[in-house]
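Down below is the structure, laid out as structure tokens.
The values are calculated or read from the model by the stated rules, or taken from the named source; none is laboratory data. All figures in this text were calculated on a predicted structure; none of them were measured in a lab. Here the Cβ is made from the backbone with ideal geometry for all residues, glycine too, and neighbour counts use every protein chain on show.
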Amino acid sequence: MSEFQPCTYIMASGRRGYIYIGVTSGLLQRVHQHRSKAVPGYSSDRHTVLLVRLELFGTMEQAIGREKQLKNWRRDWKIKLVETDNPDWVDLAAGLGLGPLD
């Protein structure tokens, strides 16, 4: 994955816990912000620090469109989407070069 790749991502507090859906072109930096709780708000308040799903896109417009679609989904649909490729809710950030959570 290149350093600047448009993507939609899902962060979670744990298996079937709180879910945060976002969009970025700098995933590693954004995941680091989630982990360090650098941005106050929903994600930091609910400790959504596990990267459990990501989808890559060719443009930011495509990624933003997908983010909007996912945010309108019901919670059970979001859970099924995560569990399709990541049934154990493993933190995918380690596979992208970020170290394990403290």
Checklist entry - Do any helices (runs of 4 or more DSSP H) entirely within segment 21-95 hold 2 or more residues that are over 12 Å from Cys7 (Cβ atoms) and at pLDDT 95 or above, and if so, which? => result 60-71, 75-85
Next on the checklist: What are the pairs with Cβ atoms under 7 angstrom where one residue, in segment 76-98, is β-branched (Val, Ile, Thr) and the other, located anywhere, is not in a helix (DSSP H, G or I)? Sequence gap at least six, or different chains.
Outcome noted: Ile79/Arg16; Val82/Ile10; Val82/Val52; Val82/Arg53; Val82/Trp89
Checklist entry - Do the conditions hold for His47, that is, is it more than 10 Å from the chain's Cα centre (by Cα) and surrounded by 14 or more Cβ atoms within 10 Å (Cβ to Cβ)? => result yes
Checklist entry - Mind checking which residues of segment 1-20 are hydroxyl-bearing (Ser, Thr, Tyr) and either in a strand (DSSP E or B) or in contact with a Ser or Thr (Cβ under 7 Å, 6 or more places away or on another chain) (or both)? => result Thr8, Tyr9, Ser13, Tyr18, Tyr20
Checklist entry - Can you tell which of Gln62, Gln33 is over 15 Å from the mean Cα position of the chain (by Cα), surrounded by 14 or more Cβ atoms within 10 Å (Cβ to Cβ) and over 13 Å from Ser13 (Cα atoms)? => result Gln62
